[in-house]
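See below for the structure under consideration.
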Amino acid sequence: MSGYLEGVLVLLAINIVYAYAAFLPIAAGQLNLGIAGFAVIGGYFSAFVSNQLAVSPLLAIPLGGAVAGLVGLAVAVPVLRTRGIYLALATFALGEMVRAGILNLEVVGGAAGYPVTAFIRLPTIALFTLGVVGLVWLLFSTRFGIAITAVHDDERVADLMGLNVRAFQVAAFTMGSAIAGIGGGLYAHHFSYIEAQYFSISLSISIVLYVLFGGTQSVLGPLLGATVFTLLPELLRGSAQWRYVIFAAILIVVMVVRPQGLVTGTQIRRLLGLRSEFDRKEQAT
Amino acid sequence: MLGSIYAIVGVALTLSIGVLKFLNFSIPGLFMIGGMTTWVLIRHGAPWPIAALSALAVGAAASLVVERFTWRWMRTAQEFVPLVSSMAFLILFENLAVAFWGSELQSVPQLFGTSDWRIANLVISIPQLVGLLCSVAMIWGLSAFLTRTRLGRGLRTIAEDSNTALLLGVDVNRIVPLVFVISGLFAALAGVLFALNYRQVHPFMGEALGLKGISAMVVGGMGNIWGAIVGGLIIGLAEAFSIRYFGADFVDISVYGLLLLILIVRPTGLFGDARTGARA
């Protein structure tokens, strides 16, 4: 496997992890614009642990994820008292603050970045990615997934049905933050180097775009979105400076033509020939 | 002075979120368009008032294009969709600018000589003063338009509830583009002021400023125009003070820390309306 191909695949795997980090809160009707912030927490924490305590990356990375999840929990509980866009803005503020904080933290190298001694290759990263995708998929085939979808579709009705709406939103958000932390840990340990500047708001925004582009209604959406977003700019490399222009134009057009994202649950069931009672009724009306 | 630019960008954002419940991410792009257009025209020898006016016109026109793709054709879509499209427009505008003019930092020529005005120890630069007066006049005009005119009333009805507004005979399809034009004008104005005062433009100049504009809007309370202005000044002051007392490295920590604190303690912002908070 050539170095270029491995590089692209590693990026793809990490982007898929990020996409699921953004997917979980979005599936519960909340927008996290601070994915990069949580990734940077997970990345630096796991790098610090594996550097200083000589812990294996296999342990350090989930640990970084756990720390990012805890921070997510600490933010989600107070901010989720309100609704709508406020959580998105708070996560955005948190992400930028974390980044600025780490730039001034000399113990992890400050603005110069932080070298990481341990190194992991594509197979390990792919394994982690599979784990994350599998976990989210499992989660969404349980009652939890149904509850999250209900909260997303109509908070009031979900509340009337006896679901603890806020608890589900906090849970989805916290898990998303933890997954983002894992993504950051993978990044740090593959590239042997982590710097806070890379984890900017632009990264957070593009991650959210993966999910909204791929579709927020099914677990396959983020996978597809992250794949298209990682590979399309690579394929458009031929046209150098115009590639992001073409890319943005494609995005705008797709949003006009297919605002619900590329794949939806109903569509997949239709393709597989599995029609639920609900779909049939919907078609009858 | 930077505070007043944040305030103007904040006004553009707050108008969009107050009326349309839509965080318009293309506004930082429009800010950049305002600044870059000013630079391009001045470089080609246009006098600065013409460059500034054309930049405003280009900003408003670009905002109308954004309206088509994020609002007109998307009214039935999910709430996140306009947000995505407006982010895509930001990427589009930035990279178009890179494709045409390269990604380097460009400097706008000094236009006003040494036009500083000294009162005792206070140094006031004339272009800054003129910029400040211009923006106060425009914001005052906007405020009067919203409260006094028939169109302004229609606009505020849409802000309350767009379906009811439609039922009451408000021409939503005519007023919504107007909101985009106004916010495009304000974003471009901020860009022009930035270009003329700081004499530097580049394709990605909108990002950092747009983020500060969002902070200004939230600190003041979303949907509240005067709140955005006070918020912009607070953010500007917070920056200046943290540079003075903690050093330049801590600017972002203190600005975004302030934003996070306000969101946790008083999510509707300093002057926010509790109802907007519940419905936004």
**OP:** Name, by its number, the condition in (1) surrounded by fewer than 23 Cβ atoms within 10 Å (Cβ to Cβ); (2) in contact with a Leu (Cβ under 6 Å, 6 or more places away or on another chain); (3) within 14 Å of chain B (Cβ to nearest Cβ); (4) not β-branched (V, I, T) that does not hold for A:Q197.
**Re:** (2)
Original post:
When A:G42 is evaluated against the numbered criteria (1) more than 17 Å from the chain's Cα centre (by Cα); (2) at pLDDT 85 or above, which criterion, by number, is the only one it fails?
Top reply: (1)
Original post:
What about A:L186, is it assigned to a helix (DSSP H, G or I) and farther than 29 Å from A:S50 by Cα?
Top reply: no
Original post:
For B:I50, are the conditions met, namely being without any contact (Cβ under 8 Å) to a residue 40 or more places away in the chain and part of a helix (DSSP H, G or I)?
Top reply: yes
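Considering only residues that are within 7 Å of another protein chain (Cβ to nearest Cβ) and crowded, with 19+ Cβ neighbours inside 10 Å, which ones fall in the stretch A:70-81? Reasoning before the result, please.
Of the stretch A:70-81, the ones within 7 Å of another protein chain (Cβ to nearest Cβ) are A:78-79.
Answer for the stretch A:70-81, where residues must be within 7 Å of another protein chain (Cβ to nearest Cβ) and crowded, with 19+ Cβ neighbours inside 10 Å: just A:V79.
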Subject >> Enumeration of residues in the stretch B:9-59 that are among the small types (G, A, S) and crowded, with 21+ Cβ neighbours inside 10 Å >> reply: B:G10, B:A12, B:S16, B:G18, B:S26, B:G29, B:G34, B:G35, B:A51, B:A52, B:A55, B:G59
**OP:** Quickly run through the stretch B:259-276 and pick out the residues that are more than 8 Å from chain A (Cβ to nearest Cβ), modelled with pLDDT of 80 or more and surrounded by 22 or more Cβ atoms within 10 Å (Cβ to Cβ).
**Re:** B:I262
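This table checks each residue for (1) within 20 Å of B:G59 (Cα to Cα); (2) modelled with pLDDT of 75 or more; (3) exposed (fewer than 11 other Cβ atoms within 10 Å of the Cβ).
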{"site": "B:S125", "(1), (2), (3)": "no, no, no"}
{"site": "B:L133", "(1), (2), (3)": "no, yes, yes"}
{"site": "B:E160", "(1), (2), (3)": "no, yes, no"}
{"site": "B:R174", "(1), (2), (3)": "yes, yes, yes"}
Subject >> Residue selected from the stretch A:88-139 under the condition within 19 Å of A:A180 (Cα to Cα) and among the polar types (S, T, N, Q), by the criterion nearest to the other protein chains (Cβ to nearest Cβ) >> reply: A:T91
Subject >> Number of the condition not met by B:A62 [criteria: (1) under 19 Å from the mean Cα position of the chain (by Cα); (2) modelled with pLDDT under 80; (3) within 14 Å of chain A (Cβ to nearest Cβ)] >> reply: (2)
Original post:
Considering only the stretch A:154-170, how many residues are touching a helix residue (DSSP H, G or I) at 6+ places or on another chain (Cβ under 8 Å) and in a helix (DSSP H, G or I)?
Top reply: 8
**OP:** Pick out the one residue from B:V219, B:V251, B:V230 that is within 12 Å of chain A (Cβ to nearest Cβ), of a type outside the set (D, E), touching a Gly at 6+ places or on another chain (Cβ under 7 Å) and assigned to a helix (DSSP H, G or I).
**Re:** B:V219
Original post:
Could we say that A:G185 is away from chain B (no Cβ under 14 Å) and out of contact with any Pro (no Cβ under 9 Å at 6 or more places or on another chain) here?
Top reply: no
Original post:
Just to be sure, is A:I61 out of contact with any Asp or Glu (no Cβ under 9 Å at 6 or more places or on another chain), within 8 Å of chain B (Cβ to nearest Cβ) and either in contact (Cβ under 8 Å) with a residue 12 or more places away in the chain or of a type in the set (S, T, Y) (or both)?
Top reply: no
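The values are calculated or read from the model by the stated rules, or taken from the named source; none is laboratory data. What you see is a predicted model; the values in this text were computed from it and never measured. For neighbour counting, all protein chains shown are included, and Cβ atoms are generated from backbone atoms with ideal geometry for every residue, glycine included.
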